[in-house]
Amino acid sequence: MANTDGVEGGDGVRGMLTIGAFARACRLSPKALRLYDDLGLLPPARVDPVTGYRYYAPAQLERARLVAWLRRIGMPLARIRAVCALAPEPAAHEVRAYWAAAEAETAVRRDLAAFLIGVLTTTSKETTMLELRHAAHSDRGRVRPANQDTAYAGTRLLAVADGYGPGGGPASGAAVAALSRLETADLGAGNVLNLMEDAVREAAHGITGEDTGTTLTALLWTGSRLALVHIGDSRAYLLRDGALFRITDDHTVVQSLIDEGRLTPEESAGHPQRSLLLKALSPAAEAAPDLRLRDVEPGDRYLLCSDGLCTVVPDARIRQVLDAEPDPDAALRSLIDAANEAGGPDNVSCVVADVVDTAAAA
């Protein structure tokens with residue numbers, strides 16, 4: 001009878017590990033090994049034709065341990081199979097990309113959980129009366145023959161869209177218009193993100209024209225929180241207690257290279273594909289936007305801007321202007337002036353909004 005606890009020494013299996021010994025060595029259970037055998041992910045080196053016992057070669061331990069580690073970070077089996085088929089460097093690239101996506105998804109769920117906790121505990125607390133005071137402006141810049149940006153600040157909605165292609169201007173306007181209809185909608189705590197996603201999908205379907213699309217970054221005020229929708233390389237920033245935080249991620253080739261550690265932020269400034277988008281609103285692509293909910297504090301200042309600002313004005317200068325100018329309109333005009341003084345190579349659009357405690361202000 002085969003020895004199921006160690007190295008088998010009989011004919012044909014000399015030097016091989018039984019499934020029990022192999023499981024202990026690679027930290028996978030025998031049940032998992034049987035599953036991975038059935039899926040073709042980790043087949044044994046030999047199966048006894050009479051007893052059905054599985055035997056593994058010691059050389060299989062490296063692959064088995066990799067499978068075990070990838071399962072521990074939550075990678076699906078189909079993707080693990082693809083990673084295991086790669087050489088070490090491309091495999092590392094795939095793991096890095098998977099984990100970046102997992103962290104982004106976790107951040108969205110964390111924000112939603114915090115939002116729901118806030119909703120469920122608000123009934124027992126006195127509600128602070130908050131409102132947004134804002135300004136919006138869009139400028140053609142000093143090089144482009146036309147302005148394809150749209151900047152908007154309404155009763156609830158703050159938005160910046162940067163159109164591209166032959167119909168870029170109408171595309172950016174259509175995207176903002178689709179969201180602006182939510183200003184009169186019933187924004188229940190549980191469905192505001194769904195409503196924003198539906199509006200964005202509607203906007204994408206309404207864009208016409210070959211090689212035409214738009215970025216979109218918008219904040220929708222619920223009365224106590226902000227719902228964020230973002231796709232493309234326009235940006236949203238938060239100034240809180242004098243510190244500036246970028247709260248969106250650029251959906252660009254260059255940003256993906258930075259996230260994967262293949263490019264530094266300093267090297268990205270001169271990259272030839274700096275403006276190449278990975279995601280945008282267009283009729284040719286069904287790209288999912290980033291969606292999340294944000295808690296606000298009195299004194300917060302938000303900036304939405306097209307890349308005509310952030311590609312030529314450093315974050316340090318943006319922070320300085322936002323911190324120094326108390327009036328939203330004066331702040332955004334100073335930012336646009338700074339972009340034009342740096343050459344104004346693109347349309348530049350900004351929305352600046354302050355979260356104000358109305359009771360304290362009164």
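The values are calculated or read from the model by the stated rules, or taken from the named source; none is laboratory data. None of these values were measured; they are calculated from a predicted model. Counting neighbours? That spans all protein chains shown, and the Cβs are built from the backbone with ideal geometry, glycine included. Note: areas computed on protein heavy atoms with side chains; ligands, DNA, RNA excluded. Shrake-Rupley method; radii C 1.70, N 1.55, O 1.52, S 1.80 Å.
In whole Hz, with x marking every Gly and Pro, tabulate ³J(HN,Hα) for segment 333-342 from phi via Karplus 6.51 cos²θ - 1.76 cosθ + 1.60, θ = phi - 60°.
5, 5, 5, 5, 4, 5, 5, 5, 5, 8
Once you have a ≥ b ≥ c as the square roots of the Cα gyration tensor eigenvalues for segment 166-217, tell me rounded if a/c is under 1.5, and otherwise prolate or oblate according to whether a/b is larger than b/c. Show your work: numbers first, answer last.
Details: a/c = 3.18, a/b = 2.46, b/c = 1.29.
It comes out prolate by the Cα gyration axes.
Under the Kirkwood approximation for Rh and a Cα-based Rg, what ratio Rg/Rh is obtained for segment 232-325?
Values: Rg = 14.6 Å, Rh = 14.8 Å.
So for segment 232-325, dividing Rg by the Kirkwood Rh gives 0.99.
Specify whether the C-alpha gyration tensor of the chain places it in the rounded, prolate or oblate class, a ≥ b ≥ c being the square roots of the eigenvalues: rounded for a/c under 1.5, otherwise prolate if a/b is larger than b/c and oblate if not.
Working: a/c = 2.76, a/b = 2.12, b/c = 1.30.
Verdict is prolate for the chain.
Label Ala78 and Arg246 with points 7 Å out from Cα along Cα→Cβ: what is the distance between them in nm?
Here the modelled spin labels are 3.2 nm apart.
What percentage of the solvent-accessible surface of the chain, computed with a 1.4 Å probe over protein heavy atoms, is contributed by carbon and sulfur atoms? Please report the intermediate quantities before stating the final value.
Working: 9480 of 17950 Å².
Using a 1.4 Å probe with all protein chains present, the chain comes out at 53 percent carbon and sulfur.
Apply the Karplus curve 6.51 cos²θ - 1.76 cosθ + 1.60, θ = phi - 60°, to the phi angles in segment 233-242 and return the couplings in whole Hz, x for Gly and Pro.
My calculation for segment 233-242 gives 10, 5, 9, 10, 10, 10, 9, 9, 6, x Hz in order.
If eta is 1.567 mPa s and T is 4 °C, what Stokes-Einstein diffusion coefficient results for segment 148-281, Kirkwood Rh from Cα pairs, in µm²/s?
On the way: Rh = 15.7 Å.
In µm²/s, the coefficient rounds to 82.
Collect residues whose amide H, placed 1.01 Å from N in the peptide plane, falls under 5 Å from the amide H of Gly141; neighbours closer than 5 in sequence don't count.
Residues meeting the amide H criterion: Val348.
Got a sec to turn the phi values of segment 217-229 into Karplus ³J(HN,Hα) couplings, 6.51 cos²θ - 1.76 cosθ + 1.60 with θ = phi - 60°, whole Hz, x for Gly and Pro?
9, 8, 10, 10, 7, 9, x, 9, 9, 10, 9, 10, 10
List the relative contact order of segment 253-362 as a percent without decimals, with contacts defined as Cα pairs under 8 Å and 6+ residues apart. Don't jump to the answer; show the numbers that get you there.
Values: 96 pairs, mean separation 32.2, N = 110.
The normalised contact order for segment 253-362 reaches 29 percent.
Using a 7 Å offset from the Cα along the Cα-to-Cβ direction at both Asn191 and Ala102, what is the distance between the two label points in nm, to one decimal?
Going from the Asn191 label point to the Ala102 one covers 3.5 nm.
For the chain, what is the calculated [θ] at 222 nm in deg cm²/dmol (nearest 500), taking -39500 (n - 2.57) for each run of four or more DSSP H residues and dividing by its residue count? It would help to have the intermediate numbers written out before the result.
Numbers: 13 runs with 143 residues, N = 362.
After summing the helix terms and dividing by residue count, I get -12000 deg cm²/dmol.
Could you pull the accessible area for Trp69 with a 1.4 Å probe, rounded to 10 Å²?
Surface accessible to solvent at Trp69 totals approximately 150 Å².
FRET efficiency for Arg181 and Leu35, Cβ-Cβ distance as r, R0 = 56 Å, nearest 0.05? Mind dumping the intermediate values first?
Working: r = 49 Å, r/R0 = 0.88.
The calculated FRET efficiency here is 0.70.
Among His251, His134, His271, what's the order by accessible area (1.4 angstrom probe), most exposed first? Please list the in-between numbers first.
Details: His251 20, His134 70, His271 45 Å².
Final ranking, largest accessible area leading: His134, His271, His251.
For a Förster distance of 45 Å, can you work out the FRET efficiency between the beta-carbons of Val143 and Asp295, rounded to the nearest 0.05? Display every interim value, and only then the final one.
Details: r = 39 Å, r/R0 = 0.87.
Step by step, r from the Cβ atoms, then E = 0.70.
Under the definition of Cα pairs under 8 Å and six or more residues apart, what whole-number percent is the relative contact order of the chain?
Numbers: 644 pairs, mean separation 64.5, N = 362.
Worked out over the chain, it gives 18 percent.
Pop a pseudo-label 7 angstrom from the Cα along the beta-carbon direction at both Arg71 and Arg14 and give the gap in nm to one decimal.
3.2 nm
Apply 1/(1 + (r/R0)^6) to the Cβ-Cβ distance of Leu86 and Leu276, taking R0 = 25 Å, and write down the FRET efficiency to the nearest 0.05. All intermediate terms of the calculation are to be shown ahead of the outcome.
Values: r = 25 Å, r/R0 = 0.99.
E between Leu86 and Leu276, to the nearest 0.05, is 0.50.
So what's the angle, to the nearest 10 degrees on a 0 to 90 scale, between helix 88-122 and the longest Cα principal axis of the chain?
Here the helix axis deviates by roughly 60 degrees.
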